[in-house]
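*Asks:* The structure under discussion is supplied below as structure tokens; questions concerning it will follow.
Taken together, the values in this text are just the output of simple stated rules run on the coordinates, not laboratory data. Values in this document were obtained by computation on a predicted structure and should not be read as measured data. Every residue, glycine as well, gets a Cβ built from its backbone with ideal geometry; the counts of neighbours run over all protein chains shown.
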Amino acid sequence: MEKSSFTLAFGNSPFVKVLDFFMQFEDFDYPISFISKETETKWETVEKVIEILVKKGFVKKTRRLGKAQLYGLDKENKLTKLLLDIDMKISDFFVKEELKRQKSGLIKKATSSR
């Protein structure tokens, strides 16, 4: 999984990576095995993180698919809505910073070539 603005801001811990996964793919539900593969995090660790996220209301059990329990982001939870808003603001911040950096680089390049 690519680094997101969320992981750039909050780090690359398993908790952050799993939470970020749910925020990036908020419209679907997933089994622990898929989340583990995508976040490159051990299955057991993902299971523990999801337990915490379920208790806090960020993630909910959605359905069973065969023997696998699927989980999805609980978009009705007020804290989840705030977190998604913060994630958008963080992304906006990084985009603006990158644009400033690129603009500065172009100005330096233009002045040095004179």
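*Asks:* Among 48-60, 64-76, how do they line up by average Cβ neighbours within 10 Å per residue, starting with the highest?
*Replies:* Listed from highest to lowest mean packing, they are 48-60, 64-76.
*Asks:* For the residue pair Lys96 and Lys75, what label-to-label distance in nm results when each label sits 7 Å from Cα along the Cα-to-beta-carbon direction?
*Replies:* 2.6 nm
*Asks:* Cut-off 19 Å, label point 7 angstrom out along Cα-to-Cβ of Leu84: give me the residues of segment 42-60 whose amide nitrogen falls inside.
*Replies:* From segment 42-60, the list is 53-60.
*Asks:* Lys3 to Lys103: extension gain in nm, 0.36 nm per residue of separation minus the Cα-Cα distance?
*Replies:* 33.7 nm
*Asks:* Too long at a 18 Å Cα-Cα cut-off: which of Lys3/Lys61; Lys56/Lys78; Lys55/Lys81; Lys17/Lys37?
*Replies:* As for pairs spanning more than 18 Å Cα to Cα, those are Lys3/Lys61.
*Asks:* Just want the ordering: Thr7, Thr39, Thr62, from fewest to most Cβ atoms lying within 10 Å of their own Cβ.
*Replies:* Thr62, Thr7, Thr39
*Asks:* Cα to Cα, under 15 Å, and not fewer than 8 places away if on the same chain: which aspartates and glutamates meet these conditions relative to Lys42?
*Replies:* Partners found: Glu51.
*Asks:* Further question: Applying the Karplus parametrisation 6.51 cos²θ - 1.76 cosθ + 1.60 with θ = phi - 60° to the phi angles of segment 83-88, what ³J(HN,Hα) value in whole Hz is obtained for each residue in order, glycine and proline being reported as x?
*Replies:* Per-residue couplings from phi come out as 4, 5, 5, 4, 4, 5 Hz.
*Asks:* For the chain, what is the per residue volume of the convex hull drawn over the alpha-carbon atoms, in cubic angstrom?
*Replies:* Expressed per residue, the convex hull around the Cα atoms of the chain is 111 Å³.
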